[in-house]
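> Sharing a structure with you now.
Please treat every number below as a calculation from the coordinates, not as lab data. Bear in mind that the values here come from a model prediction, so they are computed numbers and not experimental data. Please note: Cβ atoms are built from the backbone with ideal geometry, for glycine as well, and neighbour counts cover all protein chains shown.
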Amino acid sequence: MNKKIKVLVVDDSAVVRRTLSDVLSSDPEIEVMATAPDPFIAAEKMRHEVPNVISLDIEMPRMDGLTFLRKIMSQHPIPVVICSSLTEERAATTIRALEYGAVDIIRKPRLGAKQFLEESRICICDAVKAASLARVEPISENSYKVTPKLTADAVMPKSSGNSVIQTTETVVVVGASTGGTEALRIFLEAMSLDAPGIVIVQHMPEHFTAAFAKRLDSICRMSVKEAEDNDTVIRGRALIAPGNRHTLLKRSGARYYVEVKDGPLVRRHRPSVDVLFRSAARYAAKKAVGVIMTGMGDDGAKGLLEMKNAGAFTIAQDEASSVVFGMPNEAIKLKAAVKVLSLRAIAREIIDIT
């Protein structure tokens, strides 16, 4: 029998600690070993038992979450999932936490509609499971009930035929999850100003995607922005799917653009990589390049196969450079990837073929 994933919940709110504990404990694979209202008490509990994963708030008394995160990652690296409120003010700080070594972001569960609570449970438990598998490296101190998984059919039905209008433009679509924020930074920093238009799904809560796109835009030669409905996909620009909305590639004549829409969770995610990849298979086909990167689960695997079958060039990130070799591995097992490449080789390959 496999051991349960031991989680330490660190948050100054007693309500959040109790709600998170209830959510996590509902999954039979997870055990909340302890909770703590601040980093000092958390550190004391860790002396007695080391957790597999830490759920960490950012704003806390006595020591903030970022300072505690840096101490953890420099002294005894443990996978950390940031649990933050959905506010634009907190988003930029939370993105910094990813740069300091946190492996994922989850939104704090709030009381509300049954559907919201169920979706929160799925996302939170999946994030913790993915984090438990993540390979975390030391950094310098100075530097449950099974829920059915819907397919892309829930948002976009399969095409009945090939009605793609020919165009000379190539479009790149990318999907990533756990570990993807750092992978995407490395990937986009290597792309040139005249690189093909890129559309990206990174599993991340709403509001945080805008801050993530803004951060990438400040360090990359390409322009990077959070996708808005009807944004044109153009050379030299990357669009990041907004959290909690599906993003599809569409065509009007020779113009590529994105449709941002609501819909159910697909492969337990919104946005879903499968949805983006299916739309690329339909509207770009042979003029598309699909890339599936690090992440847990299988979102994007079947979509990448649809792209390959439509004539697209498809790439999966290799195991050695993946933080969690889940999504790429599922795609490889389906023989959906034309090539399996290291993270740093992916950008070079795209530059060479486009």
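> Using each residue's phi in segment 4-14, evaluate 6.51 cos²θ - 1.76 cosθ + 1.60 at θ = phi - 60° and report the 3J(HN,Hα) Karplus result to the nearest Hz, with x for Gly and Pro.
Computed from phi, the couplings for segment 4-14 are 6, 7, 8, 10, 9, 9, 10, 7, 7, 8, 5 Hz.
> In terms of modelled amide H atoms, which long-range or inter-chain residues lie less than 5 Å from the amide H of A227?
I240, A241
> Using packing as a proxy for protection, rank 25-38, 288-301, 261-274, 327-340 so that the peptide with the highest average count of other Cβ atoms within 10 Å comes first.
Working: 25-38: 17.4, 288-301: 27.7, 261-274: 22.8, 327-340: 20.1.
So the order, starting with the most tightly packed, is 288-301, 261-274, 327-340, 25-38.
> Just the number, please: percent antiparallel of the DSSP beta bridges in the chain, rounded to the nearest 5.
Counting DSSP beta bridges with both partners in the chain, the antiparallel share is about 15 percent.
> A follow-up question, please. For a footprinting-style exposure proxy, rank V50, V80 by other Cβ within 10 Å, fewest first.
Ordered by Cβ neighbours within 10 Å, fewest first: V50, V80.
> Pairs K4/K71; K158/K250; K129/K339; K158/K308: which exceed 19 Å Cα-Cα?
Listed pairs above 19 Å: K4/K71; K129/K339.
> Also: How do I219, I122, I234 rank when sorted from fewest to most other Cβ atoms within 10 Å of their own Cβ?
I219, I234, I122
> Over its Cα atoms, what ratio of radius of gyration to 2.2 N^0.38 Å does segment 162-353 give? Please list the in-between numbers first.
Values: Rg = 14.4 Å, N = 192, 2.2 N^0.38 = 16.2 Å.
Normalised Cα radius of gyration, segment 162-353: 0.89.
> At 4 °C and 1.567 mPa s, what whole-number value in µm²/s does Stokes-Einstein give for the translational diffusion of segment 5-133, with Rh from the Kirkwood sum over Cα pairs?
It diffuses with D of about 90 µm²/s by this estimate.
> Mind listing the phi-derived Karplus ³J(HN,Hα) values for segment 290-295, rounded to whole Hz, using 6.51, -1.76 and 1.60 with θ = phi - 60°, and x for any glycine or proline?
Result, ordered by residue: x, 10, 10, 10, 3, x Hz.
> Right, another one. Got a sec to turn the phi values of segment 94-108 into Karplus ³J(HN,Hα) couplings, 6.51 cos²θ - 1.76 cosθ + 1.60 with θ = phi - 60°, whole Hz, x for Gly and Pro?
Rounded to whole hertz, the list is 5, 4, 4, 4, 5, 5, 7, x, 4, 9, 6, 10, 10, 8, 5.
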